[in-house]
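The values are calculated or read from the model by the stated rules, or taken from the named source; none is laboratory data. Here the structure is a predicted model, which means the values were calculated and not measured. FYI the Cβ positions are ideal-geometry reconstructions off the backbone, even for glycines, and counts take in every protein chain you see. The area values use the complete protein model at the heavy-atom level, side chains included, leaving out ligands, DNA and RNA. Shrake-Rupley method; radii C 1.70, N 1.55, O 1.52, S 1.80 Å.
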Amino acid sequence: MSFHVPDDVVPAGRDLRAYTDELRPQHPVVRNDRDEWVLLRHDLVRRAALDPEVFSSAASRFRQVPNGLDGAEHAAFREALDPLLSPAALARHVPEFERVAASLVAALPRGASVEAVGEIGAVFAVRAQSAWLGWPAEVEGRLLAWIGENYAASRAGELARTRHVAEAFDAIIAEILEGRVPDPSPQADVTDQLLAVTMGGEPLRHADVVSVLRNWTGGDLGSIALCAGVIVHALASDPGLQARLRQGVTDGVLDHVIDELLRRDSPFVGNRRVTTCPVDLDGVHIPAGAKVKLHWTSANRDEQVFGDPDALDPEGNAPHNLVYGVGKHVCPGRTLATIELRTLARALLAGTRDVVLDPAGAPAREVAPVGGWAAVPIVLV
Ligand code: HEM
């Protein structure tokens, strides 16, 4: 038997991390009124992610490249696209990310309240992604407005509104693509390189290029902003951690710490699947054609794997960390996200003597279906 969660319990202002902590020990699989089977335990989420034949990614009515594809078609797109996100391809962008982060931090007020998710995370996400993709600075305002609308639509859970937001994003992308010429050369900007990607000797269809760009930016601008909020909150609320990182740590150590902070509080909450046949998960019978959600936030806090989910153990927990997923759909943007978040954390530490929580304003948690912090007011010293 699975435990039934009335849908209205979740959007009624609940913090998903706290809520799934309550549910998970008794109910490894819960079912909501949207008819989704939500997998909360680490072993079940992992099992589903590693079994794409039973847990298909074709869960949306809309074509999503590569997220919503399965099998050979999915593999072909990953093979064609992943090189654009490889460490070697990203290396040339690191100095740009460092410039973006340093100038953002330098421009922030000292001794006054700064809201870390909106004023640091979202702004950095848009500027870094635009620098990476070779997009003009003028789109910054529209992309920031779009992140806000996208949050609002996700929270409201209304299909028509979500579709409207998706269309608004496609319109921005269509403008950016206008007049561009495919260019595979290593010095070309990444958008022109994407236009030059071929599969079986053929260029990608225009609609697929738009879909790829939507998946590279649309969802992930918000994720980077929320991840930045989690990291800044941890620095400001844990002076011991901040002091340790200020002493100077290697990129490898810093990356492990950031991954672990995101494990403790994964703002990228979940991904959908649909079952291709009946399947039994720990005694819960899920029929064929069922909608399934892999709940990364919950799996990353499973006490059976991590013990106390709030205790930080960057090295020890790394092998079990599911922040970037696992299996064939594992995040291809992990290196990019890691470089961006590391660069932002370094700039913040290098550009300040201290980062403290604003005594005049309490941090606010996000509520379902979004994770992490909605607002983290801090003061830079
Ligand atoms: C901190 C930020 C990020 C987090 C936490 C994150 C997390 C994830 C996770 C958990 C998945 C697995 C999805 C699944 O199994 O269905 C995923 C997939 C994906 N991510 Fe990320 N991601 C982040 C940033 C990025 C960035 C910066 C990009 C690209 C620029 C990106 C592009 C993608 C794409 C295209 C997929 C789908 C891959 C596939 O279906 O084969 N992500 N991400």
| request: Filter the helices (runs of 4 or more DSSP H) completely within segment 129-239 down to those with at least 3 residues that are open to solvent by 10 Å² or more (accessible area, probe 1.4 Å), touching a helix residue (DSSP H, G or I) at 6+ places or on another chain (Cβ under 8 Å) and within 13 Å of the ligand (Cβ to nearest atom). | output: 219-237
| task | Identify the single condition in (1) within 14 Å of the ligand (Cβ to nearest atom); (2) among the β-branched types (V, I, T); (3) at pLDDT 95 or above that V257 does not satisfy, given that it satisfies every other one. | result | (1)
| Exactly one of (1) of a type in the set (A, V, I, L, M, F, W, C); (2) closer than 23 Å to A225 by Cα; (3) in contact with a helix residue (DSSP H, G or I) (Cβ under 9 Å, 6 or more places away or on another chain) is unmet by L281. Its number? | (2)
| message | For segment 260-279, which positions are assigned to a helix (DSSP H, G or I) and near the ligand (Cβ under 7 Å from one of its atoms)? | response | L262
| task | Would you check which residues across segment 87-121 are within 16 Å of the ligand (Cβ to nearest atom) and either open to solvent by 30 Å² or more (accessible area, probe 1.4 Å) or farther than 22 Å from P332 by Cβ (or both) and list them? | result | P87, A88, A89, A91, R92, V94, E96, A101, A116, V117, I120
| task | Mind telling me which of the residues V305, V367 ends up being more than 16 Å from the ligand (Cβ to nearest atom), under 28 Å from N67 (Cα atoms), modelled with pLDDT under 95 and surrounded by fewer than 22 Cβ atoms within 10 Å (Cβ to Cβ)? | result | V367
| Cβ pairs under 9 Å, 6+ apart, first in segment 324-341 and more than 22 Å from E98 (Cβ to Cβ) and more than 7 Å from the ligand (Cβ to nearest atom), second outside any helix (DSSP H, G or I) and open to solvent by 30 Å² or more (accessible area, probe 1.4 Å) | V326/L50
| Total residues in segment 132-170, condition in contact (Cβ under 8 Å) with a residue 40 or more places away in the chain and of a type in the set (K, R) | 1
| query | In this structure, does A76 turn out to be surrounded by fewer than 16 Cβ atoms within 10 Å (Cβ to Cβ), among the aliphatic types (A, V, I, L, M) and in a helix (DSSP H, G or I)? | reply | yes
| task | Looking for whichever is over 30 Å from Q247 (Cβ atoms), outside any loop (DSSP other than H, G, I, E, B) and in contact with a Phe, Trp or Tyr (Cβ under 8 Å, 6 or more places away or on another chain) here; the options are V330, V292. Which one fits? | result | V292
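Inside segment 52-68, can you point out the residues that are of a type outside the set (V, I, T), open to solvent by less than 50 Å² (accessible area, probe 1.4 Å) and either assigned to a loop (DSSP other than H, G, I, E, B) or without any contact (Cβ under 8 Å) to a residue 12 or more places away in the chain (or both)?
The answer is P52, S57, A59, S60, P66, G68.
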| From the residues in segment 329-345 that are of a type in the set (D, E, K, R) and within 17 Å of A122 (Cα to Cα), which one is most open to solvent (accessible area, probe 1.4 Å)? | R342
| message | Going by what's in this entry, would G252 be described as part of a helix (DSSP H, G or I) and over 23 Å from R17 (Cβ atoms)? | response | yes
